[in-house]
Structures are given as structure tokens and as C-alpha cells.
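The values are calculated or read from the model by the stated rules, or taken from the named source; none is laboratory data. Predicted model, so just to flag it, every value in this text is computed and none were measured. Note that each Cβ is placed from the backbone with ideal geometry, even for glycine, and that neighbours are counted across all protein chains shown. Just the protein is used for accessible areas: all its heavy atoms, side chains included, with ligands, DNA and RNA removed. Shrake-Rupley method; radii C 1.70, N 1.55, O 1.52, S 1.80 Å.
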Amino acid sequence: MTLSLSVATSHRQPWPGLIEAYREYLPVIEKTAIVTLLEGNTPLLPAPSLAKRIGRQVRVFVKYDGLNPTGSFKDRGMTMAISKAKEAGAKAVICASTGNTSAAAAAYARRGGMRTFVLIPDGYVALGKLAQALLYGAEVLAIKGNFDQALEIVREMAQSYPVTLVNSVNPYRLEGQKTGAFEVVDALGNSPDWLCIPVGNAGNVTAYWMGFCQYHQAGKCDRLPRMMGFQAVGASPLVTGVPVKNPETIATAIRIGNPASWEKAIAVKSASQGEFHSVTDAEILDAYRLLASEEGIFCEPASAASVAGMLQISDQIPAGATVVCVLTGNGLKDPETAIKHNQSLFKQGIQPELHTVAEAMGF
Ligand code: AN7
């Protein structure tokens with residue numbers, strides 16, 4: 001008896017991680033020891049409920065980068081930055097972080113056999129992110145200050161001590177993160193009309209644009225998207241044009257007042273004919289709940305800023321346009337915000353008895 005051939009031929013090649021998948025577009029050489037957790041290849045999900053809200057045949061997708069190995073888009077940049085640090089013989093890396101960068105740096109650097117130092121703003125990092133950094137084995141220093149102050153310190157640390165800086169000022173970070181744009185084009189067959197993205201330090205908006213441009217030059221798409229960046233009202237220096245000394249927002253991931261990639265982001269905005277706007281914490285929370293309760297997609301508050309922004313200016317979306325919102329981080333990163341800011345029924349202290357339960361359910 002012969003075994004059906006289709007069994008063997010239907011077997012798909014496993015995803016090799018984004019560096020191997022996009023090697024020809026990335027600055028890796030033969031001797032680069034790739035440190036990977038098989039990041040990338042995240043789903044581009046249709047968001048029919050959002051599309052219906054907007055109407056006019058607009059197609060809406062979300063790029064769910066919260067499904068990366070450490071739960072955020074930072075893994076895209078970190079596989080590159082850590083692989084290059086290892087290639088250069090680094091023994092330790094350092095970053096400032098609102099949380100996600102620290103989790104990704106810790107996971108990749110530890111896997112690559114390096115020490116990981118992270119500076120975080122004390123009290124302003126979501127629980128899941130802190131848990132990750134600690135368990136991955138980072139050496140965590142919580143400063144009585146904000147992200148911007150932490151970044152200033154680690155920049156100087158990396159100049160004076162044998163530690164490699166892996167914040168997005170490290171150019172390899174952006175190289176890795178641009179693959180998000182490649183995947184969007186690979187999935188859609190072209191660039192979207194709009195790319196909506198949350199903006200903090202402005203690395204990701206810069207990286208996505210690099211990716212779209214590079215793919216355009218390679219003939220993979222025949223147009224470029226408008227880059228629509230969204231910041232939280234209390235941390236919106238790229239909207240107001242002035243640094244914010246004391247940034248505040250419920251979306252702690254983007255609680256940043258002086259973005260490192262400021263000039264690059266402004267250049268991206270103008271080159272793409274894009275726009276940067278701010279969204280309130282209330283708008284962020286509305287989008288956050290909407291995504292979870294109507295689309296079944298749990299992202300963290302900062303990520304919901306992309307959807308909040310799209311909804312805020314949805315009357316500007318041309319009829320029939322395709323819009324992609326980048327959901328940068330997983331909702332599980334920040335369980336405290338989810339528990340505090342939902343509108344669901346949650347009755348506690350119920351007696352373990354059928355009739356009581358039925359009554360509580362409204363029957
Ligand atoms: C979920 O982890 O800056 O504009 O230190 O975690 O590239 O900074 C995180 C940023 C959006 C903003 N969404 O991206 C850090 C950090 C999430 C984030 C952003 C971040 P950038």
C-alpha cells in the first residue's frame with residue numbers, strides 16, 4: 001500500500017523567523033549568529049465590526065503583532081539588534097523601556113547568552129511586562145523618573161561602559177521592525193491606503209515606512225500608504241511640536257515626551273502625506289474594549305491608540321479604501337487595566353448553588 005502523496009506535499013515549511021524569511025532585505029552576513037524565537041509572521045486580521053462602523057466599503061485589518069514571542073512588535077527589532085550585538089562580541093546589552101522593549105531585550109539577550117540591563121520608570125510599567133523582564137533574567141533598575149530620563153541615562157551608559165544600547169536608536173532595531181510592513185504587503189498583495197500606528201518613541205512608524213519604501217523599490221507593491229500616527233493627548237509632542245516634560249496617559253507604553261526618532265517621524269509624515277493626531281485616554285479605552293468585545297482581539301491600551309485614531313478621523317477615509325491598524329502589543333501585558341476598565345458583568349461572592357447562579361445570570 002502506498003501512502004498518500006498529498007500527506008507529504010501538503011506539509012508546509014515551518015516559519016524560520018523573520019531574519020531568515022527576509023534575509024535579502026536585512027543587513028545580516030554569513031557569520032551573523034542569528035538569535036531568534038521565530039518571531040514575525042503575525043496575522044493580518046480582518047476587523048469587520050470596525051469596517052461596518054465606518055461603512056462606505058472601507059476594508060479594515062489589524063496587524064496583530066501582540067502574537068510575537070514576547071507579546072509585542074519589539075521582537076522584530078530585537079532579533080536583529082541582539083544578533084548583531086552577538087556578532088560584534090557584546091557581553092551585555094542595556095535599554096530604557098516603558099516595558100515591552102525590556103521584555104524583548106531580556107528574552108533575546110538571555111537566549112544569546114548576554115547580560116541584560118533595563119531602566120524603567122518606577123511604577124509605570126504594566127505588570128505583565130515587568131514580570132517578563134524579571135523572569136527572563138534581566139537586571140532591572142526602576143528609576144524615580146520617566147522614560148525620557150531613563151533613555152538619556154542609558155545612552156550615556158552605552159558610551160562609557162561595555163554595554164550595547166538596544167533602544168530603537170540602535171539602527172538594527174528599525175531594520176528588524178520594517179519587516180512588519182513586508183508582511184502587510186505580502187498578505188494584502190499591495191500597500192494599504194492608510195497605515196494607522198501608535199507613536200511613542202517613533203521608531204516603529206519610521207521602521208514601517210522604511211519597509212514599505214524598500215518593498216516598493218523591489219517591485220513588491222505599486223503604491224505607498226499614508227502613515228497615520230497617533231499619540232496619547234497627554235504625551236503628544238509630535239502633534240504639538242514641543243517636548244512634554246511630564247507625559248501622562250493610561251497607555252503607559254507610549255508615555256513618552258521626547259521621542260528619540262523625532263526628526264525621522266516628521267520626515268515620514270511629510271514623505272507619506274500622512275498625519276499625526278492625538279487621542280484621549282477615553283478614546284483609547286473605547287477602542288480597546290471595542291476590539292476585544294466585538295472583534296475578539298485583545299491588545300494593550302497603547303496599541304488601541306491606532307484604532308482610536310482611525311475612528312476619530314474615519315470620515316477622512318476614502319470610500320473603498322484599505323486601512324491597516326497596527327496592534328503593537330498583547331492585551332495580556334496589562335491585566336490591571338483590563339480588569340479596571342471593562343464594562344462587563346462581574347459579580348463576585350456568589351454562593352455555589354444553582355438557583356443563586358441562575359438568578360445572578362438574570363434567569
Ligand atoms: C505596545 O517598550 O518605547 O513609537 O520602551 O510598547 O516605536 O516607540 C514601547 C513602545 C507602541 C510605541 N505600542 O512604539 C518601550 C517602548 C506599544 C509599545 C509603542 C510602544 P515606538
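Annotations
- Among Trp194, Trp262, the order of accessible area from largest down is Trp262, Trp194, computed with a 1.4 Å probe on protein heavy atoms.
- Summed residue charge, Cβ within 14 Å of Glu24's Cβ, Lys/Arg positive, Asp/Glu negative: -1
- Share of carbon and sulfur in the accessible heavy-atom surface of the chain [1.4 Å probe, %]: 55
- Disulfide-incompatible cysteines by the Cβ rule (no partner under 4.7 Å) in the chain: Cys95, Cys213, Cys221, Cys299
- Residues of the range 71-112 with amide N under 11 Å of the 7 Å Cα→Cβ point at Glu24: none
- FRET efficiency, Ala92 to Ala142 (Cβ-Cβ, R0 22 Å, nearest 0.05): 0.75
- Prolate/oblate/rounded call for the range 146-305, Cα gyration tensor, a/c under 1.5 rounded: oblate
- Anisotropy class of the range 1-114 from Cα gyration tensor, a/c 1.5 cut: oblate
- Cα gyration tensor shape for the chain, rounded if a/c is under 1.5, else prolate or oblate: rounded
- Protection proxy ranking of 336-349, 121-134, 319-332, by the mean of other Cβ atoms within 10 Å over each peptide's residues and highest first, is 319-332, 121-134, 336-349.
- Cα-Cα over 28 Å, subset of Lys269/Lys340; Lys84/Lys178; Lys52/Lys74; Lys144/Lys333; Lys91/Lys264; Lys129/Lys245: Lys269/Lys340; Lys52/Lys74; Lys91/Lys264
- Taking 7 Å steps out from each Cα toward its Cβ at Leu188 and Glu275 produces label points 1.7 nm apart.
- Trypsin sites (Lys or Arg not before Pro) restricted to DSSP loop in the range 1-109 with at most 16 other C-beta within 10 Å: Arg12, Lys31, Arg56, Lys91
- Report summary: the helix-based calculation at 222 nm, which adds -39500 (n - 2.57) for every DSSP H run with n ≥ 4 and divides by the residues of the chain, gives -12000 deg cm²/dmol.
- Label point distance in nm, Leu38-Ser293, each placed 7 Å from Cα along Cα→Cβ: 3.6
- Probe 1.4 Å, protein heavy atoms only - accessible area per residue of the chain in square angstrom: 45
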